[in-house]
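Single-structure report; data block below.
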Amino acid sequence: MKSFNTTVVCVPTKHYMVDISERVKEIRKLVDSGRYFTINRARQYGKTTTLNALGYELKEQYTVLSLDFQDISNAVFRTEGSFVQGMARIICDAYDFQGVEIEENIYNELKSLNQKKADEVTLDELFRIFVKWCNSSVKPIVLIIDEVDTATNNQVFLDFLAALRSHYLKREKIENYKIFHSVILAGVTDVKNLKIRIRGNADEKENSPWNIAADFTVDMSLSTDGIKNMLDEYEKDHHTGMDSAAIAKQIRDYTNGYPFLVSRICQLIDERMVPGRFNTLAEAWTVDGVEEAVKAIITEKNTLFESLMEKVKDYHRLRKQLEYMLFRGETVEFLPDSKEQEQLMMYGFIVNDHNTVAVANKIFEMRLYKYFVGESRFSQEMRREALKDKPEFIRGGELDIPLIMERFIASQKIIRNIFDEEAEKKFIEEEGREKFLTYLSPILNGVGTYSVEDQTSDNKRMDVVIHYNGRRYIIELKIWHGERYNEKGEKQISEYLDRFGLTTGYMLSFNFNKKKEPGVKKLQIGDKVLFEGMV
């Protein structure tokens, strides 16, 4: 029976996977038009799986030479000759083990390159063999190189790219000149951005060895419909009675279609939730099951999160921008020339959302909140305040949110100097929401999670959605801007509760009006109950 896969290439006959045939057809259009291009996407974003499917799609019309630079050791990139010999070996391996169509004389010429001394072998020899092969081949040849990141720091690989570029330009200028019909380089790094030094008679300048590459705009994220179809296939085998449409939407909302995260949620529900958290798969394949899987993901160690946190720590300025954006609702402008943003975007951790920076998906956002809360300068203080009252906050397995707000408000009356207007304003605008989320974290620890919804561009409100023991709690955090605005907020949270099918909501307002009355009060708004706290 099939399984969900998050470690190696997904194979349709072995694994439950989203149908990517439409994506492959879009990529094929670039191949058919003879384009040279890169597929640079974040780690575990389905690049290799897509390339395998593409190779299968192309094989009737093209000779597909698909290479993986992970098959070449680092030593191969030390010199031009050793690189050429390494390339010759893996091309011959493609003939020996993958059945790639190579004429006998071409195969023998490639073999002969390894019979020479490495310092006697040049890129020119390799490309002369390529040209001869492309002219004699019955089918046009498509070159695919996966895991190209392995080579991007090596000068010899940049020389290889420059040679590819030169032959591509000859193909465009000289009639009937034949070289690879299409070239695809795949990896995390955007090879188009690489630079090499070109020495002239007087000056030295930078130029790209791959500036011939066409733009690659194919959306490789997984759609809600695609996820649903995958779940429907699973359902035919397991008969859980799941609502595949609702679960697919929930998974998409958390992941924004990031392939690894989609598969990981499904894998955890299928393999880890029964009998530990649920008694049956029918109970696991529910909204609660997805929540439990998300909770497990944001606390586990994996290479994806290690890479995310490594980048966040490396770029101090962007780290602070992300922290302010998450805690304070500040808008961070997307800057196309920012090295930090370019790196985080290339690794799939942020996106350009209408010319502002946004975290790529809710799971990454939740992981970042977890990290920033742990690193917060208020962490020790807030943790101490929360833990001393934690036993009172949980009653019958449910959270007492009004009491949590009440005790938080009380702790801030003591900690802050409420007679210092400037300190008060600084707390409201810069510290309040960070302190509350830091206070909340140890209360939920190990049992619940929270996510932040729909931050507004005017920095006035943010909605915290808590998941705890199968229950959902919605708390609107906002800065007080007068009674009229507050009434509008009450109406908004009432509508928000309707969206989730809830009848009770919570609002925590940070107010530096001297006439405010700190505390929590209960309001009836239509058929909804609202507990409103004032800090």
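The values are calculated or read from the model by the stated rules, or taken from the named source; none is laboratory data. Not measured: the values here are computed from a predicted model. Every residue, glycine as well, gets a Cβ built from its backbone with ideal geometry; the counts of neighbours run over all protein chains shown. Ligands, DNA and RNA are excluded from the accessible area calculation, which covers all protein heavy atoms including side chains. Shrake-Rupley method; radii C 1.70, N 1.55, O 1.52, S 1.80 Å.
Annotations for the structure displayed:
- Spacing of the two label points (7 Å from each Cα toward its C-beta) at Asn154 and Glu233, in nm: 3.6 nm
- Surface share of carbon and sulfur [accessible, 1.4 angstrom probe, percent] for region 55-206: 43 percent
- Computed helical MRE - 222 nm, the chain, DSSP H runs ≥ 4 contributing -39500 (n - 2.57), nearest 500: -15000 deg cm²/dmol
- Relative to the longest principal axis of the Cα atoms of the chain, the long axis of helix 432-444 lies at roughly 90 degrees.
- Distance in nm between pseudo-label sites at Asn355 and Lys370 (7 Å out along the Cβ direction from Cα): 3.6 nm
- Shape summary: the chain maps onto an equivalent ellipsoid whose semi-axes, from the alpha-carbon gyration tensor, are 54, 27, 19 Å in decreasing order.
- Taken per residue, the accessible surface of the chain reaches 48 Å², heavy atoms only and a 1.4 Å probe.
- The separation of region 322-385 from region 5-83, counted between C-alpha centres, amounts to 31 Å.
- Given +1 at the Cβ of Lys and Arg, -1 at the Cβ of Asp and Glu and no other charges, the dipole of the chain around its Cα centre is 740 debye to the nearest 20.
- As a length-normalised measure over Cα pairs under 8 Å and 6 or more apart, the relative contact order of the chain settles at 11 percent.
- Segment Ala282-Thr122, extension gain: residue separation times 0.36 nm, minus the distance between their alpha carbons: 51.4 nm
- Spacing of the two label points (7 Å from each Cα toward its C-beta) at Leu403 and Asn114, in nm: 7.2 nm
- Length released on extending from Leu169 to Asp225, taking residue separation times 0.36 nm less the Cα-Cα span: 16.0 nm
- Two-site FRET efficiency, Lys388 against Arg43, from Cβ-Cβ distance with R₀ of 45 Å, rounded to 0.05: 0.60
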